[in-house]
Amino acid sequence: MTSRVVSLDAAFAVLGVAPVDGVAAARAAFRSRVKHLHPDVTPPTAATLAELARIVAAMDYIRASAPVCLEVEISAAQAERGLTRTLRHGDKPLLVRIPAGTPDGTRLGAVGEESINVTIRVLSAEAGPVDPRSDCSDFPDAADLDAFMHEFSRPSVTTRLARWVRKAQSAA
C-alpha cells in the first residue's frame, strides 16, 4: 500500500499545488486533504487509503527534498571582521564560516552541507551586541566547538560494529 513519489514536481502534483507555490502551500494542501481522507472522517476503503498513502508519501518527499534555511544574527563588528559560528538544526550540528565584510542578507552554506542555507542578519550598532562576548568572539565558544568536534569525531554505529567483528575474528 506504500506509494512512491519519484520527483518534486510529481509530489507537488499529488497535493494539487504548483512547485512555485512553495512548501507552505504544499503543507496547507496536505492538511486539507488529510482532514477529508482520514479514516476517522471517511470510511476506510482501499481507494481512500491508497490516496492517503500517496498524499503522505508526497509530503514526506517534499520535506526531505526541501532546502533548509536558517538565520544567524551577528553584530556589525562581527560582520566586519568575520567569524565562525556553530549552529544546530535538530540533532545535527552545523558550522558556518562568515567571511570578513559580510553584508546583511548574505546567504551562506553550512560547511559540508550544501542543502542548508544560512542567512546572515547584521544588527545595527544601536541594537547592541548579540552576545556579551562579541568583542572577542572571533572563534566559536569553546564548549560549542568541543561539542561539534565530538559529534563528528566519534565513530558511527557501523564503525563500532566493524571493529567488534574484526576483534572477534582476530581472537579466533
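The values are calculated or read from the model by the stated rules, or taken from the named source; none is laboratory data. If you're wondering where the values come from, they're calculated on a predicted model, not measured in any experiment. Virtual Cβ from ideal backbone geometry, glycine too; neighbours counted across all protein chains shown.
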**Item:** Extreme residue, surrounded by the fewest Cβ atoms within 10 Å (Cβ to Cβ), among residues of the stretch 95-115 that are at pLDDT below 85 and at negative phi
**Value:** E114
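Kindly provide the set of residues from the stretch 64-94 that are in contact (Cβ under 8 Å) with a residue 40 or more places away in the chain, among the charged types (D, E, K, R) and in a helix (DSSP H, G or I), ordered by number. Outline the logic, then answer.
The first filter runs over the stretch 64-94 and keeps only residues in contact (Cβ under 8 Å) with a residue 40 or more places away in the chain, leaving 65-79, 81-86, 93.
Retained after the next criterion (residues that are among the charged types (D, E, K, R)): 71, 73, 81, 85.
Across the stretch 64-94, the qualifying residue is only R81.
Do the conditions hold for A58, that is, is it buried (at least 16 other Cβ atoms within 10 Å of the Cβ), under 24 Å from the mean Cα position of the chain (by Cα) and not assigned by TED's automatic domain parsing to the domain that holds I98?
Working: buried (at least 16 other Cβ atoms within 10 Å of the Cβ): yes; under 24 Å from the mean Cα position of the chain (by Cα): yes; not assigned by TED's automatic domain parsing to the domain that holds I98: yes.
Considered against the rule, which asks whether it is buried (at least 16 other Cβ atoms within 10 Å of the Cβ), under 24 Å from the mean Cα position of the chain (by Cα) and not assigned by TED's automatic domain parsing to the domain that holds I98, A58 comes out as yes.
For (1) at pLDDT below 90; (2) under 14 Å from S65 (Cα atoms); (3) surrounded by 14 or more Cβ atoms within 10 Å (Cβ to Cβ), each residue gets a yes or a no:
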site	(1), (2), (3)
V5	yes, yes, yes
V14	no, no, yes
V17	no, no, yes
V20	yes, no, no
R27	no, yes, yes
F30	no, no, yes
H36	no, no, no
**Asked** Among the residues of the stretch 116-126, which ones are outside any strand (DSSP E or B) and either of a type in the set (G, A, S) or surrounded by 14 or more Cβ atoms within 10 Å (Cβ to Cβ) (or both)?
**Response** S124, A125
